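Trainee: Below is a structure I'd like to ask you about.
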Amino acid sequence: MSDRRTTTRATRAEYCVVACAEVWRDAGEILASPMGTVPTIGARLARLTFSPDLLLTDGEALLTGDVPAVGARPRVVEGWLPFRQHLALVATGRRHVMMGASQLDRHGNQNISCIGDWARPTRQLLGVRGAPANTLNNPTSYWVPRHSTRVFVERVDMVCGVGYDRAAAAGPVASRYHHIAEVVSDLGVFDFRTPDRTMRLRSLHPGVTVEQVVEATGFPLTVPDEVPYTREPTAAELRLIREVIDPRALREREVPA
């Protein structure tokens with residue numbers, strides 16, 4: 001079997017990386033906050049290609065001047081980002097976060113807190129964390145490495161990240177800066193550019209069918225008459241992904257072929 005790192009054909013994981021990178025295309029000088037291996041690789045790919053002004057951190061409190069490989073220390077540190085300053089970026093919208101989701105509904109409400117009734121949950125998860133402030137103050141996207149009806153549900157058990165229906169119901173104070181840009185999963189890319197602001201299938205990763213996506217989604221999904229494929233990584237992007245950003249191929253663990 002040939003080594004995937006030397007072939008020119010992109011893997012599913014690499015399509016996911018490119019889809020995540022596109023979230024930050026031409027973003028300007030804002031903070032990218034990727035959560036997860038594939039989004040992290042995507043943000044670093046965006047910085048090295050079409051979004052050179054993007055701000056990246058080491059995952060803690062340092063702004064990095066270079067783009068190290070995943071798991072490596074930065075060689076150049078260009079600033080310090082203490083927690084209070086990080087919150088200031090959130091509150092002023094100068095950040096685009098890509099969070100995970102244990103549950104996500106058709107309006108974009110996200111749950112990372114618990115499964116089951118809040119009073120007696122069957123599973124305790126991360127907790128609400130900063131999801132409400134993220135979704136009401138700065139652009140937010142989601143990454144789901146395993147697309148299934150367990151994640152894409154008709155109604156989330158608890159709202160952490162605020163969806164379009166709840167933001168609208170709360171009025172301008174909640175909806176003014178509310179923006180869920182994209183949802184990227186291992187099957188495709190989704191957005192909320194529909195009249196009722198519900199989830200729409202925007203592109204399929206190569207090898208995936210519309211039927212597969214619909215079957216793995218637990219609510220009615222808007223599907224255009226023609227659904228394009230997620231764009232293919234360029235040769236230069238594949239080289240950066242495989243040789244510079246993720247030489248240990250950690251992306252393939254998160255999204256196995």
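The values are calculated or read from the model by the stated rules, or taken from the named source; none is laboratory data. Just so it is clear, the model here is predicted, and its values are computed rather than measured. Positions of Cβ are generated from backbone atoms using ideal geometry, with glycine treated the same way; all protein chains shown enter the neighbour counts. Each accessible area value is taken on the protein alone, full model and side chains, heavy atoms only, with ligands, DNA and RNA left out. Shrake-Rupley method; radii C 1.70, N 1.55, O 1.52, S 1.80 Å.
Trainee: Taking the solvent-accessible surface of protein heavy atoms with a 1.4 Å probe, what is the per residue accessible area of the range 29-115 in Å²?
Mentor: Accessible area per residue: 43 Å².
Trainee: Report in % the part of the accessible area of the chain that belongs to carbon and sulfur, leaving out ligands and nucleic acids; probe 1.4 Å.
Mentor: 51 percent
Trainee: Another question, then. Pairs of Cα atoms under 8 Å, at least six residues apart: use those to get the relative contact order of the chain, whole percent.
Mentor: It comes to 22 percent, rounded to a whole number.
Trainee: Multiplying the sequence separation of Arg193 and Glu232 by 0.36 nm and subtracting their Cα-Cα distance, what value in nm do you get?
Mentor: Here the answer is 11.8 nm.
Trainee: Kirkwood Rh over Cα pairs of the chain into Stokes-Einstein at 37 °C, 0.692 mPa s: D in µm²/s?
Mentor: Answer from the Stokes-Einstein relation: 175 µm²/s.
Trainee: Lys and Arg at +1, Asp and Glu at -1: add these up for the other residues within a Cβ distance under 10 Å of Asn138 and post the number.
Mentor: Here the charged neighbours net out to +2.
Trainee: For Arg123 and Met35, calculate 0.36 nm times their separation in residues minus their Cα-Cα distance, and state this gained length in nm to one decimal.
Mentor: 29.6 nm
Trainee: Ok, one more. Evaluate the distance, in nm, between pseudo-label points positioned 7 Å from the Cα of Ala169 and of Phe83 along their respective Cα→Cβ axes.
Mentor: The modelled label-to-label distance comes out at 3.2 nm.
Trainee: Follow-up question, since we're still on this one. With a point put 7 Å past each Cα toward its Cβ, work out how far Phe50 is from Val223 in nm, to one decimal.
Mentor: 2.7 nm
Trainee: Solvent-accessible area per residue for the range 124-257 at a 1.4 Å probe radius, Å²?
Mentor: Computed with neighbouring chains in place, this is 51 Å² per residue.
Trainee: May I pose another question? What's the percent breakdown of Cα-Cα distances in the range 1-81 across 5 Å bins, shortest bin first?
Mentor: Histogram of Cα-Cα distances, whole percents per bin: 3, 15, 25, 24, 17, 9, 5, 2, 0, 0.
Trainee: Expressed as a rounded percentage, what relative contact order does the range 96-211 have, with Cα pairs under 8 Å and six or more residues apart?
Mentor: 29 percent
Trainee: Two decimals is fine: what's Rg over Rh for the range 113-212, C-alpha atoms, Kirkwood radius as Rh?
Mentor: Across the range 113-212, the Cα-based Rg/Rh ratio is 0.98.
Trainee: Using the Kirkwood formula over every pair of different C-alpha atoms, what hydrodynamic radius in Å results for the range 1-138?
Mentor: 16.7 Å
Trainee: As a test of understanding, state the convex hull volume per residue of the range 192-257 from its alpha carbons, in Å³.
Mentor: 128 Å³
Trainee: Okay, helix-only estimate at 222 nm for the chain: each DSSP H run of n ≥ 4 adds -39500 (n - 2.57), divide by all residues, round to 500 deg cm²/dmol; what do you get?
Mentor: After summing the helix terms and dividing by the residues of the chain, the value is -6500 deg cm²/dmol.
Trainee: Students often check this: by mean Cβ neighbours within 10 Å, which of 99-112, 242-255 ranks highest, and how do the rest follow?
Mentor: My ranking of the peptides, most packed first, is 99-112, 242-255.
Trainee: Around Glu232, under 15 Å between beta carbons, what's the net of Lys plus Arg minus Asp minus Glu among the other residues?
Mentor: Its environment carries a net charge of +2.
Trainee: Another one. Please list, in order, the residues from the range 57-91 whose amide nitrogen is less than 15 Å from a point placed 7 Å along the Cα→Cβ vector of Arg248.
Mentor: Residues 68-74 qualify, since their backbone N sits under 15 Å from the label point.
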